[in-house]
Amino acid sequence: MFLINRWIKKPAHPYPRPRINTRLVGQRVIVRAVERSDWAEWRELREISRAFLTPWEPRWPNNALTHHYFSSLLRRYGREWQLANGYHFHIFLHPTDNGRKHARHAVGPLVGGVTLSALERGIAQKATLGYWMGHPYAGQGLMTEAGQLVIDFARDALRLHRLDACCLPHNDISCALLRRLGFAQEGLAASYLRIDGAWEDHLLWGMTLDSLAQSAAHSPAPLHPAG
């Protein structure tokens, strides 16, 4: 049996698997996978944004701002990308925004993060959109641009059928963002997620990517494999 199996050709993976060095480039932001070199800037941004973020996120562990914790996230993100069941990105300004000379694949300041998680194939073909924005960069429309880039990535690169999202009912900023991105509110889930140590109700949102016409006002996100 071993001699037979070693000659059996494994079927090609039926779904697209974008390279981990893919970059999504917008007018003001660059979205790319989380990298080890992001550590110091990630820690600084999360630290100064802690009071701004903690009411909307799961309770931070005691080591939430340590290099060990960041490294554990990086390993998990890498595994999920390799298995094609999650895509975790950091959001950066363009390097030209701060006037610095830059190399071809340089980025400007880190401003936040956006994720496609819980990706399902088979009969579902969907993922869940999540995001966070550093306090100094909130309210500037940067997450709207980054979110649209990732939605285009989900539709065009991953060929997903649907995206889900959720937020706390009193998170007016997040509700407005999801509406701008084209999500529709679909319901309310009681005691849905544990946020900052307490089980909280969440509004449920959804978007069918098949319904986004190619003639939409925005252009598909340019995909730029680094190298």
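What are the residue pairs meeting all of these: first residue in segment 40-53, first residue touching a residue at least 60 places away in the same chain (Cβ under 8 Å) and hydroxyl-bearing (Ser, Thr, Tyr), second residue surrounded by 14 or more Cβ atoms within 10 Å (Cβ to Cβ) and in a helix (DSSP H, G or I), Cβ atoms under 6 Å, and 6 or more apart or on different chains?
SER49/HIS135
Of the conditions (1) closer than 29 Å to LEU203 by Cβ; (2) modelled with pLDDT of 95 or more; (3) under 14 Å from the mean Cα position of the chain (by Cα), PRO61 clears all except one; give me its number.
(3)
I want to confirm something. Restricting to segment 104-150 and keeping residues that are in contact with a Pro (Cβ under 7 Å, 6 or more places away or on another chain) and among the aliphatic types (A, V, I, L, M), which single residue is farthest from GLY206 (Cα to Cα)? Walk me through how you get there before you give the answer.
We begin by selecting, within segment 104-150, every residue in contact with a Pro (Cβ under 7 Å, 6 or more places away or on another chain); these are 106-108.
Among the residues that remain, those that are also among the aliphatic types (A, V, I, L, M) are: 106-107.
Values: ALA106: 34, VAL107: 31 Å.
Here the answer is ALA106.
Note down all Cβ pairs under 7 Å where the first residue falls in segment 118-133 and is farther than 18 Å from HIS88 by Cβ, the second is in a strand (DSSP E or B), and they're at least six residues apart or on different chains.
Correct list of pairs: GLN125/ARG162.
Test ALA118 against the stated conditions and say whether it is more than 20 Å from ALA40 (Cα to Cα), under 16 Å from the mean Cα position of the chain (by Cα) and surrounded by fewer than 19 Cβ atoms within 10 Å (Cβ to Cβ).
The answer is yes for ALA118.
Among the residues of segment 160-192, which ones are exposed (fewer than 15 other Cβ atoms within 10 Å of the Cβ) and either among the acidic types (Asp, Glu) or touching a residue at least 24 places away in the same chain (Cβ under 8 Å) (or both)?
Matches in segment 160-192: PRO169, ASP172, ILE173, ARG180, GLU186.
Here is a yes/no grid of residues against (1) loosely packed, with under 12 Cβ neighbours inside 10 Å; (2) under 22 Å from HIS94 (Cβ atoms); (3) at pLDDT 95 or above:
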site	(1), (2), (3)
ARG6	yes, no, no
GLU35	no, yes, yes
PHE52	no, no, yes
GLU80	no, no, yes
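Do any helices (runs of 4 or more DSSP H) lying entirely in segment 39-100 carry at least 1 residues that are under 27 Å from LEU119 (Cα atoms) and touching a His at 6+ places or on another chain (Cβ under 7 Å), and which ones are they? Please lay out each step first, then the result.
Working: elements: 39-48, 50-53, 67-83.
Where helices (runs of 4 or more DSSP H) fall fully within segment 39-100 and carry at least 1 residues being under 27 Å from LEU119 (Cα atoms) and touching a His at 6+ places or on another chain (Cβ under 7 Å), they are 39-48, 67-83.
Of the conditions (1) of a type outside the set (Asp, Glu); (2) surrounded by 14 or more Cβ atoms within 10 Å (Cβ to Cβ); (3) closer than 28 Å to ASP210 by Cβ, MET133 fails just one. Which one is it?
With respect to (1) of a type outside the set (Asp, Glu); (2) surrounded by 14 or more Cβ atoms within 10 Å (Cβ to Cβ); (3) closer than 28 Å to ASP210 by Cβ, MET133 is out only on (3).
Restricting attention to segment 197-216, which residues are touching a Pro at 6+ places or on another chain (Cβ under 7 Å) and either modelled with pLDDT under 95 or crowded, with 18+ Cβ neighbours inside 10 Å (or both)?
Once the filter is applied, which keeps residues that are touching a Pro at 6+ places or on another chain (Cβ under 7 Å) and either modelled with pLDDT under 95 or crowded, with 18+ Cβ neighbours inside 10 Å (or both), segment 197-216 yields only LEU203.
The values are calculated or read from the model by the stated rules, or taken from the named source; none is laboratory data. Everything numeric here is computed off the predicted structure, so don't read it as measured data. Note that each Cβ is placed from the backbone with ideal geometry, even for glycine, and that neighbours are counted across all protein chains shown.
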